[in-house]
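Q: The structure follows.
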Amino acid sequence: MHKIKEELENKNILLGVTGGIAAYKALEVVSRLKKLGAEVDVIMTEAAKEFVQPLSFRSLSHNPVIVDMFSEPKQWNVKHISLAEKADICLVAPATANIVGKIANGIADDMLSTTVMATNAPVLLAPAMNCNMYSNPIFQQNLDRLRGLGYYLIKPDAGYLACGTEGKGRLPAPSRIVENVVEQLTKEKDLTGQQVMITAGGTQEPIDPVRFIGNHSSGKMGYAIAREAVKRGAEVTLITASTSLQPPSGIEIIQVETAQQMYESVMKLQVEQDVIIKAAAVADYRPQVVAEDKIKKDESELVIKLERNPDILAELGRVKEEKLLIGFAAESEDLIANAKDKLSRKNLDLIVANDITADDAGFGADTNRVVMISRTDKTELPTLSKEEVANRLLGRIIELLEGTGEKNGD
Ligand code: CTP
């Protein structure tokens with residue numbers, strides 16, 4: 001408790017309150033944050049005022065509550081900019097479908113949406129609404145978009161909702177919201193100063209102008225690593241083959257199509273990296289000849305001769321020097337033995353192995369179940385979200401960078 005208090009003292013928390021029945025719970029959030037020593041500024045939307053009086057927030061936060069964008073300024077600064085700059089973290093609780101939709105689509109038409117757009121602080125959204133609104137695909141797409149852009153979400157609870165139905169959409173208890181704020185504010189930027197290169201997605205090898213040889217990689221694992229690494233302070237370069245994902249913000253992105261293009265980009269930039277993580281699914285072979293025109297069918301068999309692509313990871317292993325090199329091993333049999341073999345064959349520091357035949361892991365899934373194998377130890381993780389796998393992996397990488405956490409071989 002003492003430690004948390006120390007960490008929240010002098011922190012500026014910007015709380016956005018939007019128009020949902022759960023707005024009253026935000027009062028307790030303010031009260032708890034104040035007790036922990038934080039400075040709290042509250043912005044309410046017009047709709048939020050219908051549920052709770054600004055005076056209640058003002059009394060608890062000891063600060064004026066802002067609603068109107070065009071009210072006479074008391075100081076000579078532009079309010080939405082000054083609050084956006086002052087904030088160490090921006091929390092929106094409860095966040096209605098409306099504010100989530102606005103932020104996800106760049107609409108800035110009131111004090112809260114303009115401030116959220118103007119801030120560089122991490123933004124934490126706590127959605128609360130009717131369960132059908134919550135599961136509406138448009139709303140879910142907006143959440144995915146924001147998650148992909150590095151916004152943090154506090155998942156709603158399931159249970160009895162004010163509209164009389166049961167389902168997912170309840171604003172979590174104020175204590176849990178405060179826990180999330182504390183966790184964000186105390187998160188260590190433990191990769192500050194590290195140059196991290198990540199490859200992601202599945203390469204595509206053209207056969208003719210309309211066809212290619214591809215694979216099932218969704219890119220989700222590599223993108224999650226990129227997002228988490230940037231949040232931990234790393235300077236991230238993402239070399240990405242085909243995915244349908246939104247590129248995370250705050251990183252350098254290089255788009256490639258084929259394994260050869262990925263090889264060239266990786267080799268050009270590898271020298272300046274401290275850590276390279278190869279999460280991409282790279283085609284080992286490509287058509288020897290790419291037809292200039294669309295191949296027409298006839299009655300005979302079609303034979304496409306394939307030639308080898310460079311093994312990017314193996315090449316990196318040859319020139320690696322001091323940098324940390326992390327590979328992935330997607331296996332359908334003998335997971336550990338095959339992964340260990342790749343670790344030594346490609347001169348890696350760590351390999352992340354997953355069994356692609358499992359339902360909860362591998363291609364396309366939002367979860368993954370992996371084993372991290374270094375030269376000296378093996379860590380088996382349970383089924384986790386790809387974000388959490390990314391964080392555990394980055395935690396292990398930091399141990400390797402610091403030369404700590406080496407356990408005895410198994
Ligand atoms: N990889 C690479 N270049 C290739 C093939 C794979 O850099 N041409 C990298 C992948 O990004 C991944 C790791 O190697 O980090 C393992 O990929 P995987 O397809 O599991 O293994 P392969 O090396 O292709 O080995 P095998 O064919 O024996 O399974």
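The values are calculated or read from the model by the stated rules, or taken from the named source; none is laboratory data. On a predicted model such as this, the values are computed, not experimentally measured, just so you know. Because the Cβ atoms are built from the backbone with ideal geometry, glycine has one as well, and the counts that use them run over all protein chains shown.
Q: So is Lys320 without any contact (Cβ under 8 Å) to a residue 40 or more places away in the chain and within 8 Å of the ligand (Cβ to nearest atom) or not? First the steps, then the outcome.
A: Numbers: without any contact (Cβ under 8 Å) to a residue 40 or more places away in the chain: yes; within 8 Å of the ligand (Cβ to nearest atom): no.
Against the criterion (without any contact (Cβ under 8 Å) to a residue 40 or more places away in the chain and within 8 Å of the ligand (Cβ to nearest atom)), Lys320 does not qualify.
Q: Hey, another quick one. Which residue, of Val178, Val196, Val116, is among the β-branched types (Val, Ile, Thr), surrounded by 13 or more Cβ atoms within 10 Å (Cβ to Cβ) and more than 22 Å from Ile251 (Cβ to Cβ)? Lay out the reasoning, then the answer.
A: Working: Val196 fails: more than 22 Å from Ile251 (Cβ to Cβ); Val116 fails: more than 22 Å from Ile251 (Cβ to Cβ).
Step by step, each of Val178, Val196, Val116 is checked, and only Val178 is among the β-branched types (Val, Ile, Thr), surrounded by 13 or more Cβ atoms within 10 Å (Cβ to Cβ) and more than 22 Å from Ile251 (Cβ to Cβ).
Q: Would you mind stating whether Ile295 is touching a Pro at 6+ places or on another chain (Cβ under 7 Å), surrounded by fewer than 16 Cβ atoms within 10 Å (Cβ to Cβ) and at negative phi? Before you say what the answer is, go through the steps one by one.
A: Details: touching a Pro at 6+ places or on another chain (Cβ under 7 Å): no; surrounded by fewer than 16 Cβ atoms within 10 Å (Cβ to Cβ): yes; at negative phi: yes.
Considered against the rule, which asks whether it is touching a Pro at 6+ places or on another chain (Cβ under 7 Å), surrounded by fewer than 16 Cβ atoms within 10 Å (Cβ to Cβ) and at negative phi, Ile295 comes out as no.
Q: Filtering the range 255-279 down to residues that are crowded, with 17+ Cβ neighbours inside 10 Å and either of a type in the set (Phe, Trp, Tyr) or more than 14 Å from the ligand (Cβ to nearest atom) (or both), which residue is nearest to Phe212 (Cα to Cα)?
A: Filtering the range 255-279 for residues that are crowded, with 17+ Cβ neighbours inside 10 Å and either of a type in the set (Phe, Trp, Tyr) or more than 14 Å from the ligand (Cβ to nearest atom) (or both), the one nearest to Phe212 (Cα to Cα) comes out as Tyr263.
Each row is one residue, and each column tells you yes or no for (1) hydrophobic (A, V, I, L, M, F, W, C); (2) near the ligand (Cβ under 10 Å from one of its atoms).
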residue	(1), (2)
Gly233	no, no
Pro247	no, no
Ala281	yes, yes
Ser300	no, no
Leu313	yes, yes
Leu324	yes, no
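Q: Is it the case that some residue within the range 243-260 is in the same structural domain as Glu321 (by TED's automatic domain parsing) and part of a helix (DSSP H, G or I)? If you could, list the steps in order and put the result at the bottom.
A: Start the filter on the range 243-260 by keeping residues that are in the same structural domain as Glu321 (by TED's automatic domain parsing), which leaves 243-260.
With part of a helix (DSSP H, G or I) added as a condition, the list becomes 259-260.
Within the range 243-260, one or more residues are in the same structural domain as Glu321 (by TED's automatic domain parsing) and part of a helix (DSSP H, G or I).
Q: When you check Glu252 against the structure, is it under 22 Å from the mean Cα position of the chain (by Cα), more than 15 Å from the ligand (Cβ to nearest atom) and more than 25 Å from Pro209 (Cα to Cα), yes or no? Before the answer, list the steps.
A: On the way: under 22 Å from the mean Cα position of the chain (by Cα): yes; more than 15 Å from the ligand (Cβ to nearest atom): yes; more than 25 Å from Pro209 (Cα to Cα): yes.
Yes: the conditions hold for Glu252.
Q: Pick out the one residue from Ile356, Ile373 that is within 17 Å of Ile276 (Cα to Cα) and of a type outside the set (Phe, Trp, Tyr).
A: Details: Ile356 fails: within 17 Å of Ile276 (Cα to Cα).
After ruling out the rest, the residue left standing is Ile373.
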